[in-house]
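> Next up is a structure, given as structure tokens.
What follows draws every value from the coordinates through simple rules; no lab data is involved. Since the structure is predicted, the reported quantities are computational estimates derived from the model, not experimental observations. Here the Cβ positions follow ideal geometry from the backbone for every residue, glycine too, while neighbour counts run over all protein chains shown.
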């Protein structure tokens, strides 16, 4: 399906925002200014954007510990996210969640999630709500090849099938669950989609470093699920450019692996090549987006640095019960 | 006023709340029962008879019969709650929180706080708890101490049909996650239930017996045990305050402290295991905030710190009893 110039520019911009957000965090974390654990999404941008570009704010997604990309793709405000990662009281979660817990319910973003496999059951509930409302809304459970081994994910897939909930299980196979290879940890012969299929779902597979593959695959998946056929699953083969967490020495990587995937499997490069070769966009169009994104990221970091800090009194707010 | 069983009070309240608010939905294992069988839907109607007839009235979208998948049940309740519904999830046995604890402890209990106050999670998790049926270590436990230790959960333990109605209605209308513990041995007990839109606010204990000599703090099934002891001792001129906590989170500290300041003697009677428990919590509260009122060391009447045993002799020996409670009152009065 031919995408319009506006759609292409928007998709590229979203991917570029995620990329530069993460690259900048990688640099900033070295300075020690950012506290805690941070897991970067770099390399997987085509998946988040290729999926979320099809969604409305009433559709729900739930994310993972590697959630910045999903948040941005679903419409969370980038400067406010940056403030959250800095721990500011003006952050998305007022500095109480941090990198692993950014949520924005107004945009249908039900939270990044620090527990691997924690999200899929929640997505099924969101899909049940969508089914009750009967307006063709869906929910998306983003999971990695790590979460595909959690029993919670199995329970969620079966529950979605049994209840015919409009839930889409998007498995982003980046070949590493934390520091362990996919070859070792996933028993189903290098294939996650077949596992979902065994639960009784229709499944798709796509190239997770190619925006066009993801976008076209998701168009089919969404058409199927929005039509009331129950859940579906899709596996995208993708790449993780950084370690499991920032500071991970990545001794498990092969010789030249990181250079090779950056060179051959970079979804932004692939996008640029495809649209310029097909003359859908000019290189200058993309350069202009790049410049715009760089200033957004710069402004976001400056804003986060200058943003107000929470105080000790804030520890006791936003609780269910005061003690 | 109507006279009804505790289990009928549960069912009637759910029915009325589902009728009142279309966002209220229910989910759990066998809450419909008979799905996919020759007997057909509602062949069972919930093993505790607390959901009988709901499926026929409200349909499969709002009365969701689930596979045996406790993580997915509570997780789905979370997703429903974050999406504007008011789910009531049923865990067939409270013990099964072990299977679903991540969704309770790491997810629903933390949403509001870790999302900076911007989310609501109006979910109720109902569960049948408690011993007395020789149901052995994995189907007999009292889990309220464990749940009370988790910030972000409200923990409710009704002891009468009237409290079921008032507290369950409050739970369903609450915007935060509520753990609602129903004692198996109470389901068939009867009592008067107020008519109309009766609600009971959380964090307000109920003084069920009044006396000057000893404060007995308790909840759930143990409330009746303590009342029987208080009534017996009253005939000897020994006066006991019996405080039914109703909710262990929030905890009505004021009710406990006010009573102990008069009696000077605290006994906590509870069915959960003793270490790091609601009983040690209340003893610590009194030691911290009413120390100068105490005339004797506080006493806890609880099971030993073991799993709940199976055999009749063992389970009877394990559980608090009216004899043990009476002995505790006499012991605390005899101190010095």
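> Give me the orientation-averaged projected area of the Cα convex hull of segment A:208-308, in nm², one decimal. Could you put the intermediate results ahead of the total?
Details: hull surface 42.9 nm².
Computing the convex hull of the Cα atoms and averaging its projections yields 10.7 nm².
> Rounded if a/c is under 1.5, else prolate if a/b is larger than b/c, else oblate: which is segment A:5-316, with a ≥ b ≥ c the root eigenvalues of its Cα gyration tensor?
On the way: a/c = 1.35, a/b = 1.19, b/c = 1.13.
Taking the square roots of the gyration eigenvalues as a ≥ b ≥ c, segment A:5-316 is rounded.
> Rounded to the nearest whole Å³, what is the per residue volume of the convex hull around the Cα atoms of segment B:206-334?
On the way: hull volume 12.9 nm³, N = 129.
So the per-residue hull volume is 100 Å³.
> Something else now. Work out how much length residue A:250 to residue A:279 would gain on full extension: take 0.36 nm times their residue separation and subtract the Cα-Cα distance, in nm to one decimal. All intermediate terms of the calculation are to be shown ahead of the outcome.
Details: separation 29, 0.36 × 29 = 10.44 nm, distance 3.86 nm.
So the chain would gain 6.6 nm between residue A:250 and residue A:279.
> Size of segment B:2-193 along its principal axes in angstrom, Cα-based, largest extent first?
The principal-axis extents, from largest down, are 45, 34, 32 Å.
> Gap in Å between the Cα centre of segment B:252-323 and the Cα centre of segment A:279-323?
Measuring centre to centre over Cα atoms gives 51 Å.
> Next up: Short version: what are the Cα gyration tensor semi-axes of segment B:34-106, square root of 5 times each eigenvalue, largest first, in whole Å?
Values: eigenvalues 101, 47, 20 Å².
They are 23, 15, 10 Å, listed from largest to smallest.
> Tell me, how many Å apart are the Cα centres for segment A:99-118 and for segment A:137-200?
So the two Cα centres are separated by 18 Å.
> When the Kirkwood hydrodynamic radius is evaluated over all pairs of different C-alpha atoms of segment A:61-143, what value in angstrom, to one decimal, is obtained? Let's see the in-between values first.
On the way: mean 1/r = 0.0785 Å⁻¹.
Radius from the Kirkwood sum: 12.7 Å.
> Note down the nm distance, to one decimal, between modelled labels 7 Å out along Cα→Cβ at residue B:3 and at residue B:335.
Placing both labels 7 Å along Cα→Cβ, they lie 4.1 nm apart.
> Per the helix-only calculation at 222 nm, which mean residue ellipticity applies to the protein assembly as shown, given -39500 (n - 2.57) for every DSSP H run of n ≥ 4 and division by its residues, nearest 500 deg cm²/dmol?
Working: 24 runs with 262 residues, N = 659.
When only DSSP H runs of four or more count, the value is -12000 deg cm²/dmol.
> Return a whole-number percent for the relative contact order of chain B, with Cα pairs under 8 Å and 6 or more residues apart as the contact set. Can you show the working numbers first?
Working: 741 pairs, mean separation 52.8, N = 336.
That works out to 16 percent.
> Once both axes come from the Cα atoms, what is the angle between helix B:70-82 and the longest principal axis of chain B, in degrees from 0 to 90, rounded to 10?
Approximately 80 degrees, to the nearest ten.
> Further, regarding this structure: In nanometres, what is the gap between the two model label sites at residue A:30 and residue B:175, each 7 Å from Cα along Cα-to-Cβ?
Spacing of the two 7 Å Cα→Cβ label points: 4.5 nm.
> At a Förster distance of 41 Å, what's the computed FRET efficiency of residue B:295 paired with residue B:195, Cβ-Cβ distance as r, to 0.05? Write down the numbers at each step before the final one.
Values: r = 43 Å, r/R0 = 1.06.
Between residue B:295 and residue B:195 the formula returns 0.40.
> Tilt of helix B:253-263 relative to the longest C-alpha principal axis of chain B, in degrees (0 to 90, nearest 10)?
The helix B:253-263 is inclined about 20 degrees to chain B.
> If you average 1/r over every pair of different alpha-carbon atoms in the protein assembly as shown and take one over that average, what Kirkwood value in Å do you get?
Working: mean 1/r = 0.0375 Å⁻¹.
One decimal place: 26.7 Å for the Kirkwood radius.
> Using mean Cβ contacts within 10 Å as the protection proxy, how do B:163-169, B:48-54, B:58-64 order, highest first? Please list the in-between numbers first.
Details: B:163-169: 24.7, B:48-54: 20.9, B:58-64: 18.6.
Averaged packing, sorted descending, gives the order B:163-169, B:48-54, B:58-64.
> With the Cα gyration tensor of segment B:100-175 giving a ≥ b ≥ c as the square roots of its eigenvalues, does the rule (a/c under 1.5 for rounded; else a/b larger than b/c for prolate; else oblate) give rounded, prolate or oblate? Could you put the intermediate results ahead of the total?
Numbers: a/c = 2.93, a/b = 1.43, b/c = 2.05.
Judged from the Cα gyration tensor, segment B:100-175 comes out oblate (a/c at least 1.5, b/c at or above a/b).
> On a 0 to 90° scale, report how tilted helix B:222-234 is relative to the longest principal axis of chain B, with both axes built from alpha carbons and the result rounded to the nearest 10.
Its long axis makes an angle of about 30 degrees.
> Just want to confirm a number: the relative contact order over chain A, from Cα pairs under 8 angstrom separated by 6+ residues, in percent.
Working: 624 pairs, mean separation 71.6, N = 323.
The value is 22 percent.
> How many percent of all Cα-Cα pairs in segment A:239-278 sit more than 11 Å apart?
Working: 529 of 780 pairs.
When every Cα pair of segment A:239-278 is considered, 68 percent fall beyond 11 Å.
> Continuing with this model, one more query. Can you grab the distance from the C-alpha centre of segment B:152-177 to the C-alpha centre of segment B:1-62, Å, no decimals?
Taking the Cα centre of segment B:1-62 as reference, the centre of segment B:152-177 is 17 Å away.
> Under a point spin-label approximation (7 Å from Cα along Cα-to-Cβ), what is the residue B:204-residue A:77 distance to one decimal in nm?
Calculated label separation equals 3.9 nm.
> Something else: Sort all Cα-Cα distances of chain B into consecutive 10 angstrom bins from zero, then give the percent of pairs in each bin up to the one containing the longest distance.
All Cα pairs considered, the percentages come to 6, 26, 34, 23, 9, 2, 0.
> Right, another one. Pick from B:222, B:92, B:35: which is most flexible by mean-square fluctuation in a GNM of chain B where alpha carbon atoms under 10 Å apart are linked?
The residue that fluctuates most here is B:35.
> Let me ask you something else. For chain B, give the share of DSSP beta bridges that are antiparallel, in percent and rounded to the nearest 5; count only bridges with both residues there.
Here the share of antiparallel DSSP bridges comes out near 20 percent.
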